[in-house]
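Trainee: Mind looking over this structure? Questions follow.
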Amino acid sequence: MQLFKFLLGIILVQIATVVLVVLSPDELQGEALVRLAIPLLFISLMVAFWFTSLAEHYRKDAIEKVKSNFAKERENLRVNAERAKTRVVKQAQQDIAKEAKTTHAKANFKVGAAFAGVLGVGALFVFAQLLTAGLLTMSAAGGAIGGYYWRGKKIAKKQLAESPPTNLKVIDSKSSTFKLPFRKT
């Protein structure tokens, strides 16, 4: 499109030059040559300024287009980086939760096995007619498992208090000066 604007200007200068040369006297010497050169000089200066203006506007438009493309690309890169960061954080949290579950399951199995072993020893004492020692062993095992259960609950409450769930929204309540219409004050 820019080519046609410049081509139009060149054609107009050539037409004006041809018209001025045709209208000029046959002998171009001295004053007649100056009369022809001055209008041609002004026409060429006006067209040069016009071409400079066209080129400047074209340059500004091209720079703005490139700037907007770079800004869009930069914003897309930022958005993609933020998404990747969120994805990595979410995956890390899932890995941590999975490891915690595995660790708790292993610990619970070990405690359960120890509890079953102590109960087995207590039952063996009962069958071996050491009733007092058997009951003492079973009650100690029951106390140990109860303590373990109580400690687990306490740790879970502490962890829940330290990191509240992210899917809950907290609503701040402000005291209102709104008066109900049916109350008399």
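Read-outs throughout are calculated quantities, based only on the coordinates presented, and are distinct from any laboratory measurement. For clarity, every value in this text was computed on a predicted model and none was experimentally measured. Please note: Cβ atoms are built from the backbone with ideal geometry, for glycine as well, and neighbour counts cover all protein chains shown.
Trainee: Please give the contour-minus-distance gain from Lys72 to Thr52: 0.36 nm per residue of separation, less the Cα-Cα distance, rounded to one decimal in nm. It would help to have the intermediate numbers written out before the result.
Mentor: Working: separation 20, 0.36 × 20 = 7.20 nm, distance 3.02 nm.
Roughly 4.2 nm would be gained on extension.
Trainee: For the peptides 82-91, 5-14, what is the packing order when you average, over each peptide's residues, the other Cβ atoms within 10 Å and list the highest mean first?
Mentor: Values: 82-91: 10.0, 5-14: 12.9.
Order by mean packing, descending: 5-14, 82-91.
Trainee: Ranked from highest to lowest mean number of other Cβ atoms within 10 Å per residue, what is the order of the peptides 29-36, 112-119? Don't skip to the answer; put the middle values down first.
Mentor: Details: 29-36: 11.2, 112-119: 13.1.
Ranked from most to least packed, the peptides come out as 112-119, 29-36.
Trainee: Assigning unit charges at the beta carbon (Lys, Arg +1; Asp, Glu -1) and nothing else, what dipole magnitude in debye, to the nearest 20, does region 8-159 show about its Cα centre?
Mentor: Values: 21 positive and 11 negative charges, 442 e Å.
So the magnitude is around 2120 debye.
Trainee: Where does region 1-156 land on the Kirkwood hydrodynamic radius, alpha-carbon pairs, in angstrom?
Mentor: Numbers: mean 1/r = 0.0389 Å⁻¹.
The Cα-based Kirkwood calculation yields 25.7 Å.
Trainee: Taking a threshold of 24 Å on the Cα-Cα distance, which of the pairs Lys106/Lys157; Lys90/Lys153; Lys110/Lys154 fall above it? Please list the in-between numbers first.
Mentor: Details: Lys106/Lys157 21 Å; Lys90/Lys153 26 Å; Lys110/Lys154 20 Å.
Violating the 24 Å limit, Cα to Cα: Lys90/Lys153.
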